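Novice: This is the structure I want to talk about, given as structure tokens.
Nothing in this text is a laboratory measurement; each read-out follows from the coordinates by a stated rule. These numbers come from a predicted model, not from an experiment. All Cβ positions, glycine included, derive from the backbone under ideal geometry; neighbour counts span all protein chains shown.
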Amino acid sequence: MEVLTGEERRKTRQGFGSRPTRLSSAQSQEAARKIEQICKQVLLLTANSQELLQKYLKHQGDPFGQPDFHPELMDFPGLPSPDLSQEAWLSLSDAERLRQNYVAYTILTDFLSEVKCWQEDLNPNAFDLLALLEKSAKQALGLRSNVASLMKTLCFLVPLVSPPPAFEASPDFIKKLKGWSICRHYQDWLHRTERDFTVLAQRYPL
Amino acid sequence: MGILDKMLSGWSWFIYAVPIVLSTYSVTVSHGLTSRLEEQLRGEQHFISSSGPFGCAKITPEPSALAIGSQFTAFCTLNETCIDSYKQNASQIIWRIKATKIPEEKYTIINQTTSSVILNVSSSLESPLTCSIRFYGQIEQTLHGIFFTVSLPPDKPENLTCILYNKDIFTCTWNPGRPTFLHTNFTLKNQWSLKTHPDCIPRNNVNNSCTIPVDQFDVYINSVLWVEAENALGKNRSDQLTVDPVDVVKPNPPVIEKVICFENALKIVWKNPLDEVMVALKYNIRYKVTGSMTWTKVPEEDTATHRDSFTLQGLKPYTEYVISLRCKSLKDTGHWSDWSKEKSAVTLETKPIKGPDLWRKIDDFSQRDRQVLLKWKKLEHWNANGLIKGYTVTIKKKRQPFLMINTTETSYTVNLTKDAYMVTVKAYNKAGVSPESMLTIPAKDFKELPGVTNITTFVKDKQLWVEWTAPNVSDIERYIIEWHTKSNSTTEWQQESSSSQCTFLQGNIIPMKRYMISIYPLYKDGHGRGQSIEAYLKQGNPTIGPSIITKKVGKNEVLLTWNQIPVDDQNGFIRNYTIFYKPNNGNESSVTVDETCREYTLSSLSGNTQYLVRMKAYTDSGGTNGPDFTFTTLKFANGEIEIIVIPACLAFLFTTVLGVLVCFYKPDIFKKYIWPNVPDPSKSNIAQWSPQTPTRNFNSKNQPYPECNFPDVSVVEITADKRSFSEQNDIKPLDPLKKEKSTSEGHSSGIGGSSCMSSPRQSVSDSDESESAQTTSSTVQYSTVVLSGYRDQQPPAAQTFTRSESTQPLLDSEERPEESPAGEGIPGGDSAVQANQYFKQNCSHAETTGGELHVEHPRQDLHPINEEDLVKLNQLQASDQGFQLSRAWPVENQLEESESDILHTNPEGHVGMKLESSVLSAATDEEPKCYLPQTVRRGGYMPQ
């Protein structure tokens, strides 16, 4: 869970809105390069997330993978929703936009690691899925690091995120559903990040 | 040492002696202990004794390594118990560094138990460091020692760089710095912004690189990297490197999956080593014709997007190409991949784009017909555009088809008449037929068109080039260049376009072979006049040198000649020759001769000298010597002998002729000097009492030859001494007659012995006697004869006794018998004999008649009726022998007179006979056999 101190909230609020003017040219260039790098990373991770989702469904058995199987996406406490209204998303400040991304990928990293643990029990022979889950968790961590690095470059405070509560024991099917939901959230957040950084790339051009 | 001296000074003499004995032991023990100590310490790094004297001290600190350039202070501390037991203190401590004592000035006595030493650590410092002490003042015992390593702390790692091999292997390398001589750990630290990855530890004692596991990095995530180096002497770390692995990626080479072929294009399809979402790539694509060395690169801007296929265009049909490519991050960061594995593909065929080059060779084998060898070249690959399946040859005569054939060969022989023909050749492949090549075979009486001019050759880029000036006409279609070697009749040729004015010979041109190159311009109606030139691709030294020989040798000059080197052995154009010649024991000289010469005259040579000559032929490359040749100049020049001999002969001949002429015309001159006066027997007083010469009968019928007319000589024996008479020289003229004794014509007079012949038949035995008498004639002098008188008779007082003052014999021929044959040999030899006989006859007359008449009768006897005898007499006078004989007379005037008398007093011959008869009668009493028979027979008056 995100925990911000009063000072952090104040600084965060300063980051909202227009581009900070206190950045030097070098900082701006570094921020732009970071944004470009994250854009490419997000593209790569998005492609991987699609592959992850396909592989996940492939190894979970029926009804997973059925064309007409569209279970409802589960929500997880502490994981920000990638879906915002257009107005809300546009009104996000850079700092808040980055903060939400940072928080999401911090939690998703843990969630993906948890899913890997579940799958190791549920599909211990699905090596490609397990490797992909591990890779996705690592990439989510990497994306989180990059976002944090950008935030530092932009002099935004990196929020402290408390670890999410442990998952309650649940049946395998529920685990599979949770896992699928986490993979979907991961993919959705990547799409959201892609859009976010497209905006940021415009604000911090090279 | 000072302490030891103090100790020794206070001890008694025997105490002093003991350590001397023990000192040897102590050294041995000490050294032995040191060795053992070293061994023990090597295993344990340091040594601490637990009992005895070796537990008495300890060195502190005990570093395993000492940094080079630093100072190290060691302390050796003695136990209190040892001090008490051995009565020693720290002042007796001796420091050694590997058996070498450290100077005491470096010692510091801290207190009674502790001594310290300061070492400057250098790379030459060797362990162990020991402290020892002398027990009993003499025996040095090592108490403790430490081993250490002289080493360096790690340098700061420099130049940390990383590379991502494709997407899996992320390797970083660095420069570890100087060797530390000590085990040093290198650790590659790797962090993300919010995550610290495990350290990367190099494997297998590698100290300059480490590969980060794949789960500890990712593309588009900055990794913060640095290297930490640490050993016993210290720790150091490199600068941090923040790198996104994607920026240092070296992709694997793309893999060409397939190549799709077209007539003029190839489409390459490959598989990228990295996904575009991971790393967008750009490419280098290269291709070349198989066998070519040069690659053609596709412009980089055409391949600066991530892709997996590319189409090469503008390629040649039916050509095999080799293709490869490589890739790199589109951001132009990182490294180019290696080139992909090459892949070959062949473009599709199209029809040939030109006809084959066409030429001919015409052989006229009759007045009407010609054998024409049509020859054409295979199309070059880039013109054939495919596999040529054959050629279509069409011959037209006056625009009417004459012949059409299909062949796979590149030549065709056809017999044509003297008319003009048009030949066309077309090549065809699977895709189509080429344009036709045309060649006009002009009529036999065709007048050649203008040829090229100013042909020159040169060598460039190891090719033989030929250059020419085109004829001043505009309708030249192309040129044909023909060439062949001098020794090989196979002609090669090539075709050049009408715009060409130089080209290189596109064949296997062999260096050092002479080529005859001809150029023919081709016009629409025929060919122009061929112009030729000889050339070499590269000239070399002649294979053999010219063989030089002499053609004519003189005294001071020699004419040398040589043969031209065969063209195949010339290896170049002979530019000149150099003749080297060297006399025996002399210096070598040389002369350069123009290459057109085939003979040369060396002059100013020494006569009668042996010379060694050789010839060197030079090309532009160099020269080669021919074989040596030796000759000897003549001793005399041509004609020199003639010049000497002919004048000498002429001079001799002239002298001879002159002498002869002088003899003829001035005989008196020689008489004076050559024939001294000889006493004339006819004028001698003794002649008055000489026996009468009997009258001779002359029968010309029976004696046709003069010599036969006077075979007998009347000799007056004027002394009883046979020996004195035997020396009469007037016998000598009879010598030639001796040879005729066997013919019963013996004429020996028998003077000087009883040899006077009574008959010619008996003269053989008589002549022997007379011959023996002749051998002593040289010692007889007339004076003896005269003074002794004849048989002691005194001459009448009224008569004047005249004797010759000469001591010379009457006939030189007797003194020089070798001259006799000459007299015999000459034509007048017989006459000479006659002269002698005449002289003897004359003598007889003189003895008988005295005065002038004494010579007339004999001559009447000799030549009264035979004119040939007169002629012979003249001949006798003309000959030397004749002169000699004539000159035997002491009074030459008498001879002349007598000669004239011979011609005029023949009728008086009987007077002489009477005189002879009177002499004969006077002599008969004494020696009748000596002369009477002769006179009787000759004269015919005296009865026998």
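Novice: So, R0 is 51 Å and r is the distance between the beta-carbons of B:Thr601 and B:Ile362; what FRET efficiency does that work out to, to 0.05? Walk me through the intermediate numbers first.
Specialist: Details: r = 48 Å, r/R0 = 0.94.
The calculated FRET efficiency here is 0.60.
Novice: While we're here: Average projected area of the Cα convex hull of the range B:116-266, in nm²? Numbers along the way, then the final one.
Specialist: On the way: hull surface 64.9 nm².
One quarter of the hull surface, i.e. the mean projection, equals 16.2 nm².
Novice: Ok, one more. Would you kindly calculate the translational diffusion coefficient of the range B:358-536, applying Stokes-Einstein with the Kirkwood radius from alpha carbon pairs, for 20 °C and a viscosity of 1.002 mPa s, and quote it in µm² s⁻¹ without decimals? Don't jump to the answer; show the numbers that get you there.
Specialist: Numbers: Rh = 17.4 Å.
D = 123 µm²/s.
Novice: Cα extents of the range B:362-427 along the three principal axes, largest first, in whole Å?
Specialist: Principal-axis extents of the range B:362-427 (Cα, largest first): 43, 23, 15 Å.
Novice: Right, next: Output the relative contact order of the range B:418-523, whole-number percent, from Cα pairs under 8 angstrom with separation of 6+ residues.
Specialist: On the way: 172 pairs, mean separation 25.0, N = 106.
After rounding, I find 24 percent.
Novice: Which whole-Hz ³J(HN,Hα) couplings does the range B:90-98 yield from phi under the Karplus relation 6.51 cos²θ - 1.76 cosθ + 1.60, θ = phi - 60°, glycine and proline marked x?
Specialist: 5, 5, 8, 6, 10, 9, 10, 10, 6
Novice: What are the semi-axes of the equivalent ellipsoid for the range B:52-151, taken as the square roots of 5 times the Cα gyration tensor eigenvalues, largest first, in whole Å? Display every interim value, and only then the final one.
Specialist: Values: eigenvalues 113, 29, 29 Å².
The three semi-axes for the range B:52-151 are 24, 12, 12 Å.
Novice: What distance in nm separates the simple spin-label points at A:Asp172 and B:Asp168, each placed 7 Å from Cα in the Cβ direction?
Specialist: 3.2 nm
Novice: Roughly how compact is the range B:158-247, stated as its Cα Rg over 2.2 N^0.38 Å to two decimals?
Specialist: 1.05
Novice: Another question about this same structure. In peptide A:139-151, how many Cβ atoms from other protein chains are near each Cβ within 10 Å, on average?
Specialist: Whole-number average of other-chain Cβ neighbours for A:139-151 is 5.
Novice: If all Cα-Cα distances of the range B:593-659 are sorted into 5 Å bins from 0 onward, what percent lands in each bin, rounded to whole numbers?
Specialist: 4, 11, 14, 14, 12, 10, 8, 7, 6, 5, 4, 3, 2, 1, 0
Novice: Counting only complete DSSP H runs, which helices of chain A cover 20 Å or more along their long axis at the Cα atoms and score a mean Kyte-Doolittle of -1.0 or above? All intermediate terms of the calculation are to be shown ahead of the outcome.
Specialist: Working: long enough: A:25-60 (50 Å, -0.57); A:94-122 (40 Å, -0.45); A:127-153 (38 Å, 0.33); A:172-203 (45 Å, -0.88).
Helices meeting the criterion: A:25-60, A:94-122, A:127-153, A:172-203.
Novice: Karplus couplings for the range B:230-241 from phi (6.51 cos²θ - 1.76 cosθ + 1.60, θ = phi - 60°), rounded to Hz, Gly and Pro as x?
Specialist: Taking θ as phi minus 60°, the curve returns 8, 9, 5, 9, x, 9, 8, 9, 7, 5, 7, 10 Hz for the range B:230-241.
Novice: Taking B:Lys101 as the anchor, which lysines have their alpha carbon closer than 24 Å to its alpha carbon, excluding any fewer than eight residues away along the same chain?
Specialist: B:Lys6, B:Lys58, B:Lys87
Novice: Name the residues whose placed amide hydrogens come within less than 5 Å of the amide hydrogen of B:Thr609, ignoring near sequence neighbours (fewer than 5 apart) on the same chain.
Specialist: So B:Thr609 has HN proximity to B:Thr633.
Novice: What order, most packed first, do the peptides A:85-92, A:134-141 have when packing is the mean number of other Cβ atoms within 10 Å of each residue? Display every interim value, and only then the final one.
Specialist: Working: A:85-92: 10.8, A:134-141: 22.4.
Packing order, densest peptide first, comes out as A:134-141, A:85-92.
Novice: Let me ask another. Over what distance in Å are the Cα centres of the range B:597-621 and the range A:35-108 separated?
Specialist: The two parts, judged by their Cα centres, are 108 Å apart.
Novice: When Cβ neighbours within 10 Å are restricted to other protein chains, what is their mean count per residue of peptide A:35-43? Before the final figure, lay out each step's value.
Specialist: On the way: counts 0, 2, 7, 2, 1, 9, 8, 2, 6.
That works out to 4 on average.
Novice: Largest first and in whole Å, give the semi-axes of the range B:319-449's equivalent ellipsoid, each being the square root of 5 times a Cα gyration tensor eigenvalue. Please list the in-between numbers first.
Specialist: Numbers: eigenvalues 487, 38, 26 Å².
Three semi-axes, in Å: 49, 14, 11.
Novice: Moving to a separate point now. Can you work out the base-10 log of I(q)/I(0) for the range B:251-346 at q = 0.14, 0.16, 0.19 1/Å, using the Debye formula on its C-alpha atoms alone?
Specialist: The Debye formula, applied to the Cα set alone, gives -0.47, -0.60, -0.83.
Novice: Number of Lys-Lys pairs in the range B:444-549 under 26 Å by Cα, sequence gap 8 or more or different chains?
Specialist: Lysine pairs meeting both conditions in the range B:444-549 amount to 11.
Novice: Then there is this: Find the centroid of the Cα atoms in the range B:181-220 and in the range B:226-264, then give the distance between the two in whole Å.
Specialist: Each part reduced to its Cα centre gives a spacing of 14 Å.
Novice: Using only alpha-carbon positions, what ratio does the radius of gyration of the range A:25-203 give when scaled by 2.2 N^0.38 Å? Before the final figure, lay out the partial values.
Specialist: On the way: Rg = 16.7 Å, N = 179, 2.2 N^0.38 = 15.8 Å.
Computed over Cα atoms of the range A:25-203, the ratio equals 1.05.
Novice: List every residue whose amide H lies under 5 Å from the amide H of B:Thr113, counting only residues 5 or more places away in sequence or on a different chain, with H placed 1.01 Å from N in the peptide plane.
Specialist: Under 5 Å from the amide H of B:Thr113: B:Ala90.
Novice: Quick one: Debye curve from the alpha-carbon atoms of the range A:82-129 only, equal weights, vacuum; give me log10 I(q)/I(0) at q = 0.14, 0.16, 0.22, 0.24 Å⁻¹ to two decimals.
Specialist: -0.53, -0.60, -0.76, -0.83
Novice: Starting at the first residue of the range B:453-465, write each ³J(HN,Hα) from the Karplus equation 6.51 cos²θ - 1.76 cosθ + 1.60 with θ = phi - 60°, in whole Hz, x for Gly and Pro.
Specialist: 9, 6, 6, 9, 10, 7, 10, 8, 6, 6, 10, 8, 9
Novice: Count, for each residue of B:219-225, the Cβ atoms from other chains sitting within 10 Å of its Cβ, then give me the mean as a whole number. Write out the running numbers ahead of the final one.
Specialist: Details: counts 6, 14, 12, 7, 2, 1, 0.
Going residue by residue through B:219-225 and averaging, the value is 6.
Novice: Provide the convex hull volume over Cα atoms per residue for the range B:548-633, in Å³.
Specialist: 79 Å³
Novice: Sticking with this one: Of B:Trp483, B:Trp465, B:Trp295, how do they rank once you tally other Cβ atoms within 10 Å and put the fewest first? All intermediate terms of the calculation are to be shown ahead of the outcome.
Specialist: Working: B:Trp483 22, B:Trp465 16, B:Trp295 13.
Listed from fewest to most nearby Cβ atoms, that is B:Trp295, B:Trp465, B:Trp483.
Novice: Under 5 Å between amide hydrogens, which residues at least 5 positions from B:Gln141 or on another chain qualify, with H placed 1.01 Å from N in the peptide plane?
Specialist: Long-range HN contacts for B:Gln141: B:Ile133, B:Arg134, B:Phe135.
Novice: Going by how many other Cβ atoms sit within 10 Å of their own, how do A:Lys175, B:Lys288 line up, fewest first? Present the calculation step by step, with values, prior to reporting the outcome.
Specialist: Numbers: A:Lys175 20, B:Lys288 17.
With the fewest neighbours first, A:Lys175, B:Lys288 line up as B:Lys288, A:Lys175.
Novice: If you don't mind, another one. Can you sort B:Lys341, B:Lys378 by how many other beta carbons sit within 10 Å, fewest first? Please list the in-between numbers first.
Specialist: Numbers: B:Lys341 10, B:Lys378 13.
Ascending number of Cβ neighbours within 10 Å: B:Lys341, B:Lys378.
Novice: While we're here: Ranked from highest to lowest mean number of other Cβ atoms within 10 Å per residue, what is the order of the peptides B:188-194, B:647-653? Let's see the in-between values first.
Specialist: Values: B:188-194: 20.6, B:647-653: 10.3.
Per-residue mean Cβ counts within 10 Å order the peptides as B:188-194, B:647-653.
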